[in-house]
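K.L.:
For reference, the structure I am asking about is given below.
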Amino acid sequence: MDDYKSLVFTLLAAGIATYAVRWYTDPLRAIPTVGGSSLPGLSWLAALSILRDCRAVLEEGYRKYPEQAFKFPALDQWTVVVSGRELVEELRKCGEEELSAPESLKDTFQSKYIFDPLIVADQYHVKVLQEKLTRRLPDLLPDIVDEVTVAVQDHIVSKEDWTSVEVVPVMQNIIARASNRAFVGLPLCRNKEYLRLAVGIIVDTVKTMFVLGLVPRFLKSTVARFYNKVKRNTDLAVQHFRPIIEERQRIAAELGDRWDSKPNDLLQFILDKVKSNNDTISTIAQRVLGMNFAAIHTTSVTVTHALTRLAEQPELLAPLRDEIEKSIAAEGGWTSVALANMWKLDSLLREILRFHGITLVSMGRKAMKDLTLSDGTFLPRGTIVHAATYALHHDSTVLERADTFDAFRFARMRAATAARAKLQFAATTTSPEYLPFGHGAHACPGRYFAENVFKAVLAHLIVNYDMKLGGDGVRPPDVFIAIGVLPSLQSRVVFRPRKRGADAER
Ligand code: HEM
């Protein structure tokens, strides 16, 4: 018995000693910690408590360590964050072999446990988005506008009276329909069961990531075999995709280049690429669901913020209506050029992503080898590093009155400078002061698509509806969960078909 006890004590002491040595010699120990203790075990507890208050932790780091790096604990590793524009530029400039954006995304999403290996190995659908969907946007826009019109009629009752709408779920549905009109076309973009999967994929992915985040690395594959909501949803989506894909493949084989009415959507652009690899209906379905993951939550959250801001400040509606109506009249309809000419609407969206945003950090990069940043911070291979986006966006030394929401600030700034393109919502050349889409070569490839969907939805609602805040008439505060920023689920906006002319006085 005594031998048994001393064996247990020896093993325990050896375990503690190994842990202590690993902690003491961890190269990340030199980077200052915010958000709790950096001691092993305690940092895990800190990571759990930070889930509710990550904004304060990041603001503390940004304030205490300007133009430097700091770290905070995540569930299964440290997250290093850089403050200030100089280091952000450095993240952008580092080559793929030093700091990798795709590898960071794979780590963050625990891709190798959650997604099909074929997709992890080859993300060609991202190229399809950049090279096909984005270039075809002017042709796709009429379909997107049509879907917005029908979806709004289905979801926002168009009676005379004011109708109170729960903005978050309603916008998720309208955006899912508009986006999927371009992703998979009619009739699937209106199929309720498919839309449920498209909207739900983000929550199911995050739940799976969270569970796997709690599990030690060596157990992740085993746990993912039993708990993977993405796999389950892909299997359900296959039932919707199979008949469509088989029919399209049949027609393509029969007509080849003579297929005049070939669909103009993301699914078809992917199918055109499939010939050269081993994709199955399941992996194609997962690629399209992945695009929904990237598109729907980001877009619907932004539109929700925009609507609650407009409902809170209805004086913004008149100048926006004037601009939208003039742009459409000048271009003879809802064209991409007409949308591009809506500077005030563009400014509102840019300000929404600056002031509210989607996440507290962006520009995730993984160190592919040991490297030292210009401030002396040593990043060992495998470290994940981010930019402190939210804190930078609220820094008044970077942008005047950064803590004030000012819907048309970027329209005024654009009018006053020759360097206008940089101040657009979906600027092609990103800048180190504005990071909602990241910065540099890996900046979000979906931003041009997002711009078109945003403007189609908002312009339609602004021109056709009056709006005011619902509930108690106060805009509920945003919700911060881990690194995510969300509008309150309680957000309500009351809509009424727009009164024009003399009717508007009533
Ligand atoms: C408000 C809207 C959106 C925001 C704020 C946003 C933000 C971002 C950010 C921060 C990144 C990472 C960039 C980096 O690593 O530096 C990203 C990547 C990505 N986004 Fe977006 N996004 C939005 C909408 C969309 C839409 C509508 C789509 C699809 C149509 C999309 C598709 C993607 C894809 C595929 C990637 C990964 C790119 C890669 O693997 O290289 N996003 N997005």
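K.L.:
Highest mean first, how do 418-431, 194-207 rank when packing is the count of other Cβ atoms within 10 Å averaged over residues? Don't jump to the answer; show the numbers that get you there.
P.N.:
Values: 418-431: 15.5, 194-207: 19.8.
By packing density, highest mean first, the sequence is 194-207, 418-431.
K.L.:
Contact order normalised by length for the stretch 31-497, with contacts defined as Cα pairs under 8 Å and 6 or more residues apart; what percent is it? Kindly include the intermediate steps, with their values, before the conclusion.
P.N.:
Details: 696 pairs, mean separation 115.9, N = 467.
Relative contact order for the stretch 31-497 comes out at 25 percent.
K.L.:
I need the shape label for the stretch 179-329. Rule: rounded when a/c is under 1.5, else prolate if a/b > b/c, else oblate, with a, b, c from the alpha carbon gyration tensor. Write down the numbers at each step before the final one.
P.N.:
Details: a/c = 2.91, a/b = 1.16, b/c = 2.50.
Since a/c reaches 1.5 but b/c is at least a/b, the shape of the stretch 179-329 is classed as oblate.
K.L.:
Charges at C-beta only: +1 for Lys and Arg, -1 for Asp and Glu. How large is the resulting dipole of the chain about its Cα centre, in Debye rounded to 20? Intermediate values should be presented prior to the final figure.
P.N.:
On the way: 64 positive and 59 negative charges, 78 e Å.
Rounded to the nearest 20 debye, it is 380 debye.
K.L.:
A follow-up question, please. In which sequence would Thr299, Thr79, Thr397 go, from the one with the fewest C-beta neighbours within 10 Å to the one with the most?
P.N.:
Values: Thr299 25, Thr79 22, Thr397 9.
Going from sparsest to densest Cβ surroundings: Thr397, Thr79, Thr299.
K.L.:
For each of Thr280, Thr335, count neighbouring Cβ atoms within 10 Å of the residue's Cβ, then give the residues from fewest to most. Each step should come with its number before you reach the end.
P.N.:
Numbers: Thr280 13, Thr335 17.
Least to most surrounded, the residues fall as Thr280, Thr335.
K.L.:
Rounded to the nearest 20 debye, what is the charge dipole size of the stretch 268-409 about its Cα centre when +1 sits on each Lys and Arg Cβ and -1 on each Asp and Glu Cβ? If you can, show how the numbers build up before the last one.
P.N.:
Numbers: 15 positive and 16 negative charges, 141 e Å.
That gives a dipole near 680 debye.
K.L.:
Assign one of three labels to the stretch 282-383, namely rounded, prolate or oblate, based on the Cα gyration tensor with a ≥ b ≥ c the square roots of its eigenvalues; rounded applies when a/c is under 1.5, prolate when it is not and a/b is larger than b/c, and oblate otherwise. Working shown, then result.
P.N.:
Numbers: a/c = 2.56, a/b = 1.86, b/c = 1.37.
Taking the square roots of the gyration eigenvalues as a ≥ b ≥ c, the stretch 282-383 is prolate.
K.L.:
What's the whole-number percent of alpha carbon pairs in the stretch 420-481 lying beyond 16 angstrom? Mind showing how you got there, number by number?
P.N.:
Numbers: 1197 of 1891 pairs.
Pairs farther apart than 16 Å: 63 percent.
K.L.:
Hey, what's the Kirkwood Rh for the stretch 31-497 if you take every pair of different alpha carbons, in angstrom?
P.N.:
Details: mean 1/r = 0.0429 Å⁻¹.
Result for the stretch 31-497, one decimal place: 23.3 Å.
K.L.:
Do the alpha carbons of any pairs in Lys71/Lys93; Lys112/Lys262; Lys112/Lys455 sit beyond 30 Å of each other, and which pairs?
P.N.:
On the way: Lys71/Lys93 21 Å; Lys112/Lys262 34 Å; Lys112/Lys455 36 Å.
As for pairs spanning more than 30 Å Cα to Cα, those are Lys112/Lys262; Lys112/Lys455.
K.L.:
Where a ≥ b ≥ c are the square roots of the eigenvalues of the C-alpha gyration tensor, would you call the stretch 198-271 rounded, which needs a/c under 1.5, or, failing that, prolate if a/b is larger than b/c, or oblate? Mind showing how you got there, number by number?
P.N.:
On the way: a/c = 3.64, a/b = 3.13, b/c = 1.16.
Judged from the Cα gyration tensor, the stretch 198-271 comes out prolate (a/c at least 1.5, a/b above b/c).
K.L.:
Here's another thing I want to ask about it. With unit charges on the beta carbons (Lys and Arg positive, Asp and Glu negative) and the dipole taken about the Cα centre of the chain, which residue among Phe218, Val57, Ala411 sits farthest to the positive side?
P.N.:
Phe218
K.L.:
When Lys and Arg each count +1 and Asp and Glu each count -1, what net charge do the other residues less than 13 Å away from Thr372, Cβ to Cβ, add up to? Before the final figure, lay out each step's value.
P.N.:
Details: positive: Lys369, Arg381; negative: Glu90, Glu98, Asp370, Asp375.
Here the count lands on -2.
K.L.:
Counting other C-beta atoms within 10 Å, which of Ile175, Ile156 has the fewest, and how do the rest follow?
P.N.:
Fewest to most other Cβ atoms nearby, the residues stand as Ile156, Ile175.
Coordinate-derived values only; no laboratory data. Given the structure is predicted, the values throughout are model-derived calculations rather than measurements. Don't worry about glycine lacking a Cβ; one is built from the backbone with ideal geometry, like all the others, and counts go over all protein chains shown.
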